Amino acid sequence: MDGVILRTTINIIFSVVFLFVVIFMYLKLKRTQHSLAKRTSEVFLQKTKSNKNIPIAEKILIRDELLLQFEVIMENEKPYLDCSLKLSALAKKLNTNQTYLSQLINNNYNVNYNEYINNKRIAEACEIFMISHSTNLTIDHVISQVGFKSKSTFYTAFRRYTGVSPAMFIKMNTPNK
């Protein structure tokens, strides 16, 4: 009987301590969230104040110039062929921040950054498939050549972009011998 009382007492003490720890962690989380929200709103207000001084016509020129630079880089350098390409690296190359670049892509191409890059990669893969009628060319080779790390991501993006599988696309674009 004493063993049961002792175990019950230990369980109660453990439960109370556990409850205090959970409450403490919850309150600390709430303070952190509040602090983060406050800092975020301060940064937003700071950016808004500094951004208000630029005339709208100048903002449009800056946006258009950035979009042109982005398209030139995409066309000439084809950075999307690099499987390790990150939005932050692309933004740095364009001397802008990744939030603004992401917004630019969303607004001008109606897709997010990942979809835009995947579409560019799939277009490149389609071009390779259509130009090369070599029997030595494998889909796996093209996957890595156009910047995909994952075979499943490639197949999903390819089907979404073309409406058919890569094998079917190759078959449809191979001249009859």
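The values are calculated or read from the model by the stated rules, or taken from the named source; none is laboratory data. Computed from a predicted structure; not experimentally measured. Here Cβ is always computed from backbone atoms with ideal geometry, including for glycine, and neighbour counts include all displayed protein chains. Areas reflect the complete protein model, heavy atoms only, side chains present, ligands, DNA and RNA absent. Shrake-Rupley method; radii C 1.70, N 1.55, O 1.52, S 1.80 Å.
Kindly evaluate Ser132 against the criterion of being farther than 18 Å from Thr162 by Cβ and over 17 Å from the mean Cα position of the chain (by Cα). The answer is no for Ser132.
Residue count for the range 20-33 satisfying the condition of being open to solvent by less than 100 Å² (accessible area, probe 1.4 Å) and either touching a Leu at 6+ places or on another chain (Cβ under 6 Å) or aliphatic (A, V, I, L, M) (or both): 5. Checked against (1) modelled with pLDDT under 85; (2) of a type outside the set (Ser, Thr, Tyr); (3) open to solvent by less than 80 Å² (accessible area, probe 1.4 Å); (4) in a helix (DSSP H, G or I), Ile54 meets all criteria but (4). Taken over the range 64-105, the criterion of being open to solvent by 70 Å² or more (accessible area, probe 1.4 Å) and within 13 Å of the chain's Cα centre (by Cα) is satisfied by Lys86, Gln98, Thr99, Gln103.
For the condition modelled with pLDDT of 85 or more, in a helix (DSSP H, G or I) and not small (Gly, Ala, Ser), what is the one hit in Leu66, Leu61? Every option except Leu66 fails the conditions. Scanning the range 106-117 for residues that are open to solvent by 30 Å² or more (accessible area, probe 1.4 Å) and assigned to a helix (DSSP H, G or I) returns Asn106, Asn107, Asn108, Tyr109, Asn114, Glu115.
Within the range 70-89, being among the hydrophobic types (A, V, I, L, M, F, W, C) and not in a loop (DSSP other than H, G, I, E, B) holds for Phe70, Val72, Ile73, Met74, Leu81, Leu87, Ala89. Pairing residues of the range 93-104 that are closer than 16 Å to Lys59 by Cα and assigned to a helix (DSSP H, G or I) with residues that are modelled with pLDDT under 95 and open to solvent by 40 Å² or more (accessible area, probe 1.4 Å), at Cβ distances under 7 Å and at least 6 apart in sequence or on separate chains, gives Leu104/Arg63.
Restricting to the range 126-177, name every residue that is in a loop (DSSP other than H, G, I, E, B), at pLDDT below 90 and touching a helix residue (DSSP H, G or I) at 6+ places or on another chain (Cβ under 8 Å). Break it down stepwise before answering.
Step one: list which residues in the range 126-177 are in a loop (DSSP other than H, G, I, E, B), which gives 132-138, 146-150, 163-165, 173-177.
If we keep only those that are at pLDDT below 90 too, we end up with 132-138, 173-177.
Leu137, Asn173 - these are the residues of the range 126-177 that are in a loop (DSSP other than H, G, I, E, B), at pLDDT below 90 and touching a helix residue (DSSP H, G or I) at 6+ places or on another chain (Cβ under 8 Å).
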